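*Asks:* So that we are looking at the same thing, I have put the structure below in structure tokens.
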Amino acid sequence: MKTNKIFSRVLIFLYLCIPYLPLFGEIDRIASQWAIISFLNFISIMFIFFRFGIKSFMITSQKPIIFYSLFLIVCIISMIKSINLTESSVEFFRYFSVLLTLIVIPNLLLKSRSIEFLMICLFIFSLFDIMGIFLQNSQGLPLIGFTGNKNIASASLIIKSNFVLYLLYRYNNFYIKILSFIILFFSFSAVLMIGSKAGVLTSIIITSLLFIFSFFKKPFLYSNYILIFAFVAATLFSSSQNDKFKDAISDTVNYTNDSGSTDRIKYYTQALKTFGENPFLGIGFGNWKIYSSKYDSIDMKEYIVQYHTHNDYIQILAETGIFGAALYLMFFASIFLILIRYLMKFYKQNSIKNFQIFIICLLCIIVYFIDANLNFPAARVVMQLNLVSIIALILTVIIDENEFSKIK
């Protein structure tokens, strides 16, 4: 049993390490990252099957996994309309890898009782992200962390930094609260210094939500205020360091004067027009990068092709039609509904620990949802691992809770 627990935790740790691995000669780091995920999925499935048996895969009966599976079936059907079947196949196997990871990581958590281990790992990796951003800033380099993109760096850091809250919630210790404030201060400072509009907007929303949550559960009151004070202090600090934070606020308010915002609106309009022309099967899963040239051919510079619409939901709508988009949204809706249902249940039962975990998970899912409406996290390994980790925590807690109820 101890060996199983150790090996499960090693596999979980290896999954989370993937975004921090060096390049292996490729131009885009996601090529090797998807390959490593596939390899780890194979090893994990073999381990779970031979050590714990076929019954372990009953987790596929959970609604988020069912909706994601049905979504992939619609993706396969949409390939009938594909201009390039190879691109469709590559994209499909990436999403299929996410599905396998959704099945594997909750199993590893359940078998090894590693909920806190996963949260601690995410917290530790947030420290690496923060150090990476500040090191790049000191060297005058682009602030992209380990991700290759400022938007991804911001969203990923915010998700991981939410787990600092677990320290605040679990330990009523003055020194831990001071340490948590310092970490949150540097985390928010890093996000604001990056200057990603989505990152700044998300930070404001998360801080506002925690202020509201403070009135619902007394144990959170002072802990949430520590995060709020850290955000205010980070705002003042970042404003004195560079103008990126101010520019992000200005561009968000005056979006018509910002090329990034106007480009996004243009991409959304193009994708919605494409959906109107292909409402049922779309243009074929993974084919937007090819189809977009129909609209951008006049404005193209040096053969630069727009791969993404900067909105995962609209892109999936264009590629797979109404049914694919509906199932993909139902996948996220099922996660939100689980969170709301069990938050209410844990609140009534005064199950503080689970309530705290689900508050953190809710914040993380909101971060991802906002990012998916403004960028393309579905195409980025680091964001998919963050998403899977959060869903794995949610599923593990509710399965444990339901099993406990049966025994009781």
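Values in this text are rule-based calculations from the coordinates and carry no lab data. Computed from a predicted model, the values in this text were never measured in an experiment. Because the Cβ atoms are built from the backbone with ideal geometry, glycine has one as well, and the counts that use them run over all protein chains shown.
*Asks:* 7 Å from Cα along Cα→Cβ at both Ile322 and Thr262: what's the point-to-point distance in nm?
*Replies:* My value for the distance between the label points is 3.4 nm.
*Asks:* Quick check on packing: order 69-81, 160-172 by the mean number of other C-beta atoms within 10 Å, highest mean leading.
*Replies:* 160-172, 69-81
*Asks:* Report the label-to-label distance for Ile182 and Ile76 in nanometres (one decimal), using points 7 Å from each Cα along the Cα→Cβ vector.
*Replies:* 5.3
*Asks:* Further question: For the peptides 228-237, 386-395, what is the packing order when you average, over each peptide's residues, the other Cβ atoms within 10 Å and list the highest mean first?
*Replies:* 386-395, 228-237
*Asks:* Using a Förster radius of 41 Å, what is the FRET efficiency between Phe213 and Ser138 based on their Cβ-Cβ separation? Nearest 0.05, please.
*Replies:* Once the sixth-power term is evaluated, E becomes 0.70.
*Asks:* Using the number of other C-beta atoms within 10 angstrom as an exposure proxy, rank Lys273, Lys2, Lys150, Lys353 with the fewest first.
*Replies:* Ordered by Cβ neighbours within 10 Å, fewest first: Lys2, Lys273, Lys353, Lys150.
*Asks:* Something else about it: From zero up to wherever the largest Cα-Cα distance of region 114-253 sits, split into 5 Å bins and tell me the percent of pairs in each.
*Replies:* Spelled out per bin, shortest first, that is 2, 11, 20, 24, 20, 13, 7, 3, 0.
*Asks:* Once you charge only the Cβ atoms, +1 for Lys and Arg and -1 for Asp and Glu, what is the size of the charge dipole of region 114-253 about its Cα centre, to the nearest 20 debye?
*Replies:* 300
*Asks:* While we're looking at this one, here's another question. Per DSSP H run of n ≥ 4, the term is -39500 (n - 2.57); total these for the chain, divide by its residue number, and report the mean residue ellipticity at 222 nm rounded to 500 deg cm²/dmol.
*Replies:* After summing the helix terms and dividing by the residues of the chain, the value is -26000 deg cm²/dmol.
*Asks:* Gap in Å between the Cα centre of region 178-238 and the Cα centre of region 85-125?
*Replies:* 27
*Asks:* Just want to confirm a number: the relative contact order over the chain, from Cα pairs under 8 angstrom separated by 6+ residues, in percent.
*Replies:* The value is 22 percent.
*Asks:* Still on this structure, I have one more. For Phe280 and Asn402, what is the calculated FRET efficiency with R₀ set at 22 Å and r taken between the beta-carbons, to the nearest 0.05?
*Replies:* Plugging the Cβ-Cβ distance into 1/(1 + (r/R0)^6) gives 0.05.
*Asks:* Need one number: the % of Cα-Cα pairs in region 71-135 sitting beyond the 16 Å mark.
*Replies:* 65
*Asks:* May I have the extent of the alpha carbons of the chain along their three principal axes, as whole Å values ordered from largest to smallest?
*Replies:* 61, 57, 42
*Asks:* Obtain the radius of gyration and the Kirkwood radius of region 1-159 from its C-alpha atoms and give Rg over Rh.
*Replies:* Using only Cα positions, Rg/Rh for region 1-159 is 1.01.
*Asks:* Within region 123-141, what residues put their amide N at less than 15 Å from the label point 7 Å along the Cα-to-Cβ vector of Val10?
*Replies:* none
*Asks:* Hey, rough spin-label estimate for Ser69 and Ile43, points 7 angstrom out along Cα→Cβ, what's it come to in nanometres?
*Replies:* 2.6
*Asks:* Continuing with the same structure: When the chain is modelled as a GNM with alpha-carbon springs shorter than 10 Å, which of Thr274, Thr207, Thr262 fluctuates the most?
*Replies:* Thr262
*Asks:* Of the residues Ala153, Ala372, Ala333, which exhibits the maximal mean-square fluctuation in a Gaussian network model of the chain defined by a 10 Å Cα contact cut-off?
*Replies:* Of Ala153, Ala372, Ala333, the Gaussian network model singles out Ala333 as fluctuating most.
*Asks:* Oh, and also: Please name which of Leu236, Ile124, Leu210 has its Cα lying farthest along the dipole of region 114-253 towards the positive end, using unit charges on Cβ (Lys, Arg +1; Asp, Glu -1) and the Cα centre as origin.
*Replies:* Most positive-ward Cα: Leu210.
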